[in-house]
Structures are given as C-alpha cells and as structure tokens.
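The values are calculated or read from the model by the stated rules, or taken from the named source; none is laboratory data. Model, not experiment: these values are computed from the prediction. With ideal geometry, Cβ positions are generated from the backbone for all residues, glycine too; neighbour counts draw on all protein chains shown. Side chains included, ligands, DNA and RNA excluded: accessible areas come from the protein's heavy atoms. Shrake-Rupley method; radii C 1.70, N 1.55, O 1.52, S 1.80 Å.
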Amino acid sequence: MKKTSLFFRFLRSIYLLLNFLAVIWLALCQWASFYDPSDKPSLLSLFSFTIFFALLANVFFIVIWLFSQRKWRALLSLAAIILCWKITVPIFGFNFFGNNNIAVNSKGSLKIMTWNVHMFDLGEWTKDKTSKAKILKFIKEENPDILCMQEFYWDQSTTLEPYTSVIQQLGYPFVEFSKEHVLKKNFITSQAAKNDVIITGHAVFSKYPLRNPQRYALTEKGYNMLSVEAIIDSARIFTVNVVHLTSVGLGRNELNYIEDVKSKGVDAQDESKSKFLLRKIRDASSVRAGLANKIDSLKRRMDYPQIICGDFNDVPGSYVYSTVKGRLSDAFVGKGLGLGRTYQHIFPTLRIDYVLYDSDHLKVEGYKSPYIGLSDHFPVIATFSFRDSL
C-alpha cells in the first residue's frame, strides 16, 4: 500500500507540474493578443494559433482534479481560463440553445455575407468544373442584403465581366470595388489568352444604396480597406468595411508538406522546411499586425456605426483580431456553434473570416459558415435585427 501511495503522490506531482505548464501556455496566448509584432517579428506571437489547444489542456486538468481527492486544484486552470476570458470566449461557440435565425424576417433585418471566393476557382483548384456556377447559385439561395467578397476579380477592360453583371441581376443594383492586384490571367489558368489581364480585390454588392466609397491603402503592395456607407433607410446608415489581410502565401508544396506531417507525424518532418514555414508564418503575422494598427486608426475616425468583415488570415484572440475588433462584437460569439472553421486547409481550428458589428445598433439573430468546398474559404453569413434608431 505504501508503494502505491508513493506512486500516486508522484503522479499527482507530475499532473500538477503539467497543469502549471498548461496555465503558462494559456498566459502566453493571452500575452500574444496584446503584443504588437509589427515592428519586431517574433515567434512568440504565434502562440495565438494554439489558443484552442491551450484551452483544451486546461479543461483537461479541471476534469482530472475534479475526479481526484484534491478537487481544489481545479481552481488553478479555472482561474486561468477566467483571467484569459478575452481570448477564450471567441474560440468555441457554445450557442447550443436558443434560436439561430439566419433568414430575413418581415419586421426588418439585415443579412450580411462575406466570402473569400478565391477568384471563383479560376485555376480550378477544387477540381470541380461547375464550382463557378455553384458559387453563383449559393449566393442566389442565401440572398444576403449586403454581399462582401474578397479575391473577387474582373477583367481589366470592364468591371462588368465576368461576374459583376451576373450578380447584379440577382438583385444587387449597387456595387463598389477596390483594386488590390493586377495579374496576367494565363498565370492562373491555361485557358486564358496570352494578353488577358485581370484585376483582383474587394467587391461589395448591396440591395441598399451605397455612398461615399473610400479605398484606404494599408500597404504599398496593394492591400487596402474598402469602406462604403450603406443607407438602409433615413435613420439607419452603416459604414461597411471590407478587408483581406496578408496571407502566409503557402504554396501547394508547402500545403502538401503540412498534410504529410499531419498524417505521418515525426517521420515526415524536415527541420529546414519546418523552420522556413515558421519564419514565413511569423513574418506574415508581423505584416498583418501593421495592417491591423492602420485599420484601428481608420475606424476611430468614422462617423456611422460600423460593420467590418472579411478575411483576416488570423485567428480569434490574436493581436490582429483583438485590434481590428476593438469594441465591436463578433457575430460568431453571439450565435456561432463549435469551432466555426472558415478555412478548409491545415487545421480545423482556423476561423479566419469574420463579421464584426456595432452591438449598440445591431443585434445578431443568426450565424452560419457552411462547409462548402467551392473555395479555400467557407462563406460567413450573419443576420441582424436593428436596435433603436440611430
């Protein structure tokens, strides 16, 4: 009995040590949400990508201690989770009960959809030749009031082609664009002519009038924020901001390497490739932080209640998310369920597309991000009811 007692005491000591490490891990994730890496890139800022796992580890220790004789030790991780509430709340949607009304109702509501459409699968990355038609069909079926798209593209010669006029015919007479990049079409698809040129960027399609379009440059390399004022009625005007922040720019070989490591584990790891990937992710995180700071500065100067949506390429609880969000609310937190994944590669924890809103003037009624493989991103859809008149 004595040996057994010593063994369990040793085991409890190991659990306690690991518990302390889990708490420190979560604290580092919290620190990453405040640390601005825009001037000095740091691998420590990447702790944001591990928040879910740090949270899971602490929940595990809470359960372990509750089934032990020292139940009070569960308070260690519980206190850590509460103190880090700012970064743990947006990680997982607990809205299992209550209505999740994504439909527009007759009493007055606003349905927003944001989607990185990945140039309408121009390069046929999905291997589905009907994906373009399916994207348009999905938009028609969802029928949002305001549709915001990133990586939208149009021909250099006219903004009406190939998709603008088609979408407008679905009931969106008002549209604004913001150019980010000019590309040779034959670099993406072999079916293009040698001199075909396309322009990629943001697009906002609306059933409501849009006015005062602004295109705020965030970098010298094309990244910008498209800002428009949507006039719902004379008493309700919202500033809609659309962004697409710097991606890591992972190529097909890099994505394949990540998939190999996920499936084969240590045997598939290559130290030089892993270090290169970490540096690439770190540097992109630093660039996004600088963009987030500019967005924060811009939105402080806007007069009307704001909606910010788009592809942030960063996770909830990160410095980028926290800075862009500011005092706005996250539609997923109000009505989302589960992990809320919006990017279909790498990890199922990547919620990197958002609809943020002013909760003083809007109340979220519904949220969804359906898992459809028509782009590398899933669409994000949120429905709101109006609070008191502005």
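Okay, here's what the table says:
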read-out	value
Cα-based helix-to-principal-axis angle, 51-66 vs the chain, degrees rounded to 10	30 degrees
Segment S42-N195, length gained on full extension (0.36 nm per residue, minus Cα span)	50.9 nm
Sparse-neighbourhood loop sites, GluC sites (Glu not before Pro) in region 87-147 - DSSP loop, at most 15 other Cβ within 10 angstrom	E124
Sparse-neighbourhood loop sites, trypsin sites (Lys or Arg not before Pro) in region 79-148 - DSSP loop, at most 13 other Cβ within 10 angstrom	K107, K127, K129
Listed residues L362, T323, I258: farthest to the positive end of the dipole of region 249-372 (Cβ charges)	T323
Selection from S297, L28, T126, by position along the positive dipole direction of the chain (Cβ)	L28
Top positive-direction residue, dipole computed over the chain with Cβ charges, set V63, P90, C309	V63
At R0 = 22 Å, FRET efficiency that the Cβ-Cβ distance of S5 and A79 yields, to 0.05	0.15
Using a Förster distance of 41 Å, the FRET efficiency for R301-S68 (Cβ separation, nearest 0.05)	0.15
Per-residue HN-Hα couplings for region 232-237 [Karplus 6.51, -1.76, 1.60; θ = phi - 60°; Hz; x = Gly/Pro]	6, 7, 5, 9, 10, 10
Distant-in-sequence amide H partners of E151 (H built 1.01 Å from N, under 5 Å)	G201
Rounded to whole Hz, the Karplus (6.51, -1.76, 1.60) HN-Hα couplings of region 290-307, x for glycine and proline	x, 5, 4, 4, 5, 4, 4, 5, 5, 5, 5, 9, 8, 7, 9, x, 10, 10
Rounded percent of accessible protein surface that carbon and sulfur make up, region 205-335, 1.4 Å probe	47 percent
At R0 = 22 Å, FRET efficiency that the Cβ-Cβ distance of L183 and L278 yields, to 0.05	0.20
Helix-only CD estimate at 222 nm, as mean residue ellipticity for the chain, using -39500 (n - 2.57) per DSSP H run (n ≥ 4)	-11000 deg cm²/dmol
Geometric extent, Cα atoms of region 159-225 - Rg, Dmax (angstrom)	14.0, 39
R327 versus E271: modelled label distance in nm, points set 7 Å from Cα along the beta carbon direction	5.1 nm
Value in Å of the Kirkwood radius, where region 1-80 supplies the Cα pairs that are averaged	14.0 Å
Nearest 10 degrees, 0 to 90: helix 252-264 Cα axis against the chain principal axis	30 degrees
Accessible surface, the chain, averaged per residue in Å² (probe 1.4 Å)	50 Å²
J(HN,Hα) series, region 119-131, from Karplus relation 6.51 cos²θ - 1.76 cosθ + 1.60, nearest Hz, glycine and proline x	6, 6, 6, 4, x, 6, 5, 7, 6, 10, 5, 9, 4
Tensor-based shape of region 135-194 (alpha-carbon gyration tensor, a/c under 1.5 rounded, otherwise prolate or oblate)	prolate
C-alpha center-to-center spacing [region 171-212, region 114-143] in angstrom	14 Å
Sorted largest first, extent of region 300-390 alpha carbons per principal axis (Å)	42, 26, 20
Mean projection area, nm², convex hull over Cα of the chain	22.9 nm²
